[in-house]
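The values are calculated or read from the model by the stated rules, or taken from the named source; none is laboratory data. Note that the structure is a prediction, hence the values are computed from the model and not measured. In this analysis, Cβ positions are derived from the backbone assuming ideal geometry, glycine residues included, and neighbour counts consider all displayed protein chains.
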Amino acid sequence: MLNLKQVYSNKKGFTLVEMVLYIAIVSILLTSIYSVIFFTIKANANSESLDMALFNGRFAIEYIKSEVLNADKIICSSKFDNLDKDYPNNIGFVTLEEQTSYDLEGEITDINYNFRTYFIKDDKLIRIAYNTSNASLFNSELLSGHNQICEGIIEFNNCNLDKESNLINISLSIEQGAKPLLLETAINIRCDIE
């Protein structure tokens, strides 16, 4: 029969080399796991930043596009007194929408003209407008409202009004990390251009 004292007396603990090896293996594994977690968190943050930039850019373009498609006339910003001077980062055109009021017999009681345009201030897309009963009153001093549409818009890059092709080209630079994101669209105009 075996003596239990002899069995346990031959059993030694961990040696110093085994402990150092164990610590080295665990630290390599922990470093690898930390690197994977750090990379995943960073990739997720970059993805969220890109998603937010795309959302803001698409929202801005769709908002402008909606007003262009509902406009009764598109007017070049140079036709307005001091518009380019007062709002140097403007989109380059103004939309005009005619709003007609009728009485119960169907007779026109009032015609109101709504002028709207956009400019960028402090990375925000701002919509300004004015209402008047005079369709030929092109006065930038009347523009007011300053409704913020979205943030993160750096600048209008190449927005232009092509009268020959009946197109409006819109190009926005959107804040997204170190390198700005560029969104572009072309809108087919269905109304008069002045």
- prompt: Which number in (1) assigned to a strand (DSSP E or B); (2) among the small types (G, A, S); (3) in contact (Cβ under 8 Å) with a residue 12 or more places away in the chain marks the one condition that A60 misses?
  reply: (1)
- request: Please specify each residue of region 113-129 satisfying the condition of being farther than 11 Å from Q148 by Cβ and modelled with pLDDT under 90.
  value: none
Single residue of region 151-181 satisfying the filter (touching a helix residue (DSSP H, G or I) at 6+ places or on another chain (Cβ under 7 Å) and in a strand (DSSP E or B)) that is farthest from D84 (Cα to Cα): L181
query: What do you reckon, is E97 farther than 29 Å from Q176 by Cβ, modelled with pLDDT of 90 or more and surrounded by fewer than 18 Cβ atoms within 10 Å (Cβ to Cβ)?
result: yes
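For region 153-194: of the residues being of a type in the set (V, I, T) and within 12 Å of K65 (Cβ to Cβ), which is surrounded by the fewest Cβ atoms within 10 Å (Cβ to Cβ)?
Taking region 153-194 as the starting set, the residues that turn out to be of a type in the set (V, I, T) are 153-154, 168, 170, 174, 185, 187, 189, 193.
Filter again for within 12 Å of K65 (Cβ to Cβ), leaving 168, 170, 185, 187, 189.
On the way: I168: 23, I170: 23, T185: 15, I187: 17, I189: 20.
The selected residue is T185.
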- prompt: How many of the residues making up region 66-80 are over 20 Å from T185 (Cα atoms) and surrounded by 14 or more Cβ atoms within 10 Å (Cβ to Cβ)?
  reply: 2
